[in-house]
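Only one structure is covered here, and it is reproduced in the block below.
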Amino acid sequence: MLDSRVKSSRGRTIQCCILATALAAGAGTASAQSPSAQSLQVRPENVRLNNYLHDLAGPGAFISMIGGGLVDQIRKTKNGPDDLSGRIGTRAIQRSVDVSVRHGLAALMHHSTDYQPCHCHGFGRKVGHALLESFTDRRDDGSRALAIPRFAGSYAGSFTTLAWNHNRNAGDVLLGTTMSFGFSALFNVAKELSGLAH
């Protein structure tokens, strides 16, 4: 009993350290890009910072973290803490690592993190555009490059879960994360075809 409490305490300490590191990295990126809080609202170069904060803690982020935690709790999955707050916390840690790595690398590599909707017409063009947006990023000069920041963020966030989910191994994480890119591409296709991307 005592041993399990020690392990649980150690696991929570690791989670807190990972979350603090991810948030500190994000805050460092943010502070390097913006000299004052007042300038955030008026200067267009702070779009990158606003996008980071939105992806980290916007409505969609909260829905994803809380919804994922609730699903894990209902299914009683054995992938970390047994309580709802712990499950939501692990989701929050995973997301903060994913978003911080993605946006940090995108800033260094001058890649956009925005989804660029297609203003084209026709089924084939919309599907092609959605797939292009799923696996490439637009650079600052308008050219395209492989979406390395997106891939790195997803893998970093997924590998973070190994700190508390001892039922998975590196192979499981690699496979699951790689498959998630396919689901993301299908979601982008659906979004384009339904007109929700605009």
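The amide H of Thr136, built 1.01 Å from its N in the peptide plane, has Ala147 as neighbours under 5 Å, considering only residues 5 or more places off or on other chains. Mean sequence separation of contacting Cα pairs (under 8 Å, at least six apart), scaled by the length of region 67-198, corresponds to a relative contact order of 29 percent. Charges were assigned to the Cβ only: +1 to each Lys and Arg, -1 to each Asp and Glu. The resulting dipole of region 57-187 about its Cα centre is roughly 240 debye.
Taken together, the values in this text are just the output of simple stated rules run on the coordinates, not laboratory data. Given the structure is predicted, the values throughout are model-derived calculations rather than measurements. Methodologically, a virtual Cβ is constructed for each residue, glycine included, from the backbone with ideal geometry; neighbour enumeration extends over all protein chains shown.
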